[in-house]
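I have placed the structure first, in the form of structure tokens, so that the comments after it can refer back to it.
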Amino acid sequence: MLLNISKTHILVSFVFLLILSGAIYTYLENITIPFTFCQPCHENPESVVDEAEKRVEMKHCPLDDSRRSGNLIMKAGLSYPQPSTLTGRTDVNSVTNWNAPLVWEGTFDPVVIDDIYSRMNPRVAVVVLAVGKYTRFLKGFLESGEKYFLVGLRVTYYIFTDNEQDVPNVTLSEGRKITILPVPSAKRWQDVVLSKMKWATVTIDKQIRNEADYLFMMDVDSVFHNRFGAESLSQMSAVLHRGFYKNINRDGFPYERRPESKAYIPAGEGDYYYTAAVWGGYLEDMYRLVKYCYEQSEEDAKNNIEAVWQEESHLNKYFLYNKPAKVLSPEYLWSDYDAPGSDIKLIRISQLVKDYAEVRPNGGQ
Ligand SMILES: CC(=O)N[C@H]1[C@@H](OP(=O)(O)OP(=O)(O)OC[C@H]2O[C@@H](n3ccc(=O)[nH]c3=O)[C@H](O)[C@@H]2O)O[C@H](CO)[C@H](O)[C@@H]1O
Ligand SMILES: [Mn+2]
């Protein structure tokens, strides 16, 4: 009898434990780990340009679950207007021909976006250079960034400068910080813009990889004027250059047209012209891309050629054959030099008017 009771007990306990571990597993999978990023893939981080195929061969880390769209988890009971399948922006195109979102004001609901991304709680790195006289732009960039850039998320501004003394003391919100990294001064502005790719590559390897999930590259001569939120995040997000986003034939884009340069794009090819002043994505994807731009420009230098728009030319070649996952409208990088048309409902960042001859070490446009 005693033996029988014990056997029943053991059976009941076993079934109970089985159910309990199943429940814990489901709970952990759905609730506790909604978003973790793939760890750095050290096995084969090299990117190789396959000239015949015109694409960059990527040795990807296996995607983990967190990178799938199934992880766009929203809390129950959130209140927001019902989205329509029939109405939306009709004056602009909000999807590319490779089916990526093209983001404009009115194509997303910030309430939904913010709920999804605040629970992911990603760490975002911003790499910005302030070399020579460009430190003067830091105050406006950082202060306005604190008002509008990924508010509520964790952000670290990595400021590369040759003059640490001139980095202003700006009060940052909780979870946000500044890391200053010394770089040498330069004699040519072209060298500064190209060096962005080198410093970003080196510093991701040394430090940022352990500190961020996403990375943005940004120009410092910029001021945020409106929300630049989590709708901008994706595996790879590129911004349309304000000067070439409408009524321009692709052959009129300022791509590099000399076959001798690694950034060469032949006539008859091209989707859009993207700016190099704002772009971002998953840290490891950005790492491969900044490294690609760095290596391509080094190759060019060996062959005594510099791409017409430096890193922007290499970036445009890359994005032509390796399509970005999200394209951001010129709202995400406008310029005080230009008046926006009616399609630009708001400006999120604008580049400042500056006296090029005065601010750059070697003057000139
Ligand atoms: C809106 C746009 O498309 N901008 C591009 C255009 O920029 P811009 O004419 O706006 O170039 P820029 O003078 O702002 O230089 C780009 C960035 O490099 C840094 N910097 C530059 C010079 C210097 O002496 N010190 C310094 O710190 C700084 O972060 C600056 O914001 O052309 C550049 C060179 O090809 C880059 O492609 C820019 O991304
Ligand atoms: Mn600029």
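The values are calculated or read from the model by the stated rules, or taken from the named source; none is laboratory data. Keep in mind that this is a model prediction, so the values were computed, not measured. Heads up, the Cβs are rebuilt from the backbone with ideal geometry, glycines too, and the neighbour counts pull from every protein chain shown. Side chains are part of the model used for accessible areas, which takes the heavy atoms of the whole protein and leaves out ligands, DNA and RNA. Shrake-Rupley method; radii C 1.70, N 1.55, O 1.52, S 1.80 Å.
Could you list which residues have their amide H under 5 Å from that of LEU328, counting only those 5 or more apart in sequence or on another chain, with H placed in the peptide plane?
HN-HN under 5 Å from LEU328: VAL103, ALA238, VAL239, LEU240.
Per-residue accessible area for LEU18 at 1.4 Å probe radius, Å² rounded to 10?
Using a 1.4 Å probe on the heavy atoms, I get roughly 110 Å².
Taking every alpha carbon pair in region 100-359, what does the distance histogram look like in 10 angstrom bins from 0, in percent?
Using 10 Å bins, I get a P(r) of 7, 31, 39, 20, 3, 0 for region 100-359.
Using Cα positions and a limit of under 15 Å, work out the aspartates and glutamates in reach of LYS326, with same-chain residues fewer than 8 apart set aside.
Hits, sequence-local ones excluded: GLU105, GLU231, ASP271, ASP285.
For LYS147, go through the lysines and keep the ones whose alpha-carbon is under 16 Å away, minus same-chain ones fewer than eight residues off.
Within the straight-line limit of under 16 Å, LYS147 reaches these lysines: LYS139, LYS177.
Order ARG288, ARG123, most accessible first, counting only protein heavy atoms with a 1.4 angstrom probe.
On the way: ARG288 10, ARG123 75 Å².
Per-residue accessible area, sorted high to low, gives ARG123, ARG288.
When the Karplus curve 6.51 cos²θ - 1.76 cosθ + 1.60 is applied with θ = phi - 60°, which whole-Hz ³J(HN,Hα) does each residue of region 294-305 get, with x for Gly and Pro?
Karplus-based 3J(HN,Hα) across region 294-305 equals 4, 5, 5, 6, 5, 4, 4, 4, 4, 9, 6, 9 Hz.
Please list, in chain and number order, the residues 5+ apart from THR156 or on another chain whose amide H is under 5 Å from its amide H, with Hs placed from the backbone.
VAL124, ALA125, VAL126, LYS177
Calculate one ³J(HN,Hα) per residue across region 194-204 by plugging θ = phi - 60° into the Karplus curve 6.51 cos²θ - 1.76 cosθ + 1.60, and present them in order as whole Hz with x for glycine and proline.
5, 5, 3, 5, 5, 5, 5, 4, 4, 7, 5
Determine how large the accessible area of SER21 is when every protein chain is in place; take a 1.4 Å probe and give Å² rounded to the nearest 10.
60 Å²
Using per-residue counts of other Cβ atoms within 10 Å, averaged over each peptide, order 277-285, 218-226 from highest down. Walk me through the numbers before you get to the answer.
Numbers: 277-285: 23.1, 218-226: 20.0.
Descending mean neighbour count gives 277-285, 218-226.
Quick one: Cα centre-to-centre distance for region 298-340 and region 115-147, in angstrom?
Cα centres, region 298-340 to region 115-147: 20 Å.
Taking Rh as the Kirkwood radius computed over C-alpha pairs, what is the Stokes-Einstein D of region 90-212 at 25 °C in a medium of viscosity 0.890 mPa s, expressed in µm² per second?
Working: Rh = 16.7 Å.
The estimated diffusion coefficient comes to 147 µm²/s.
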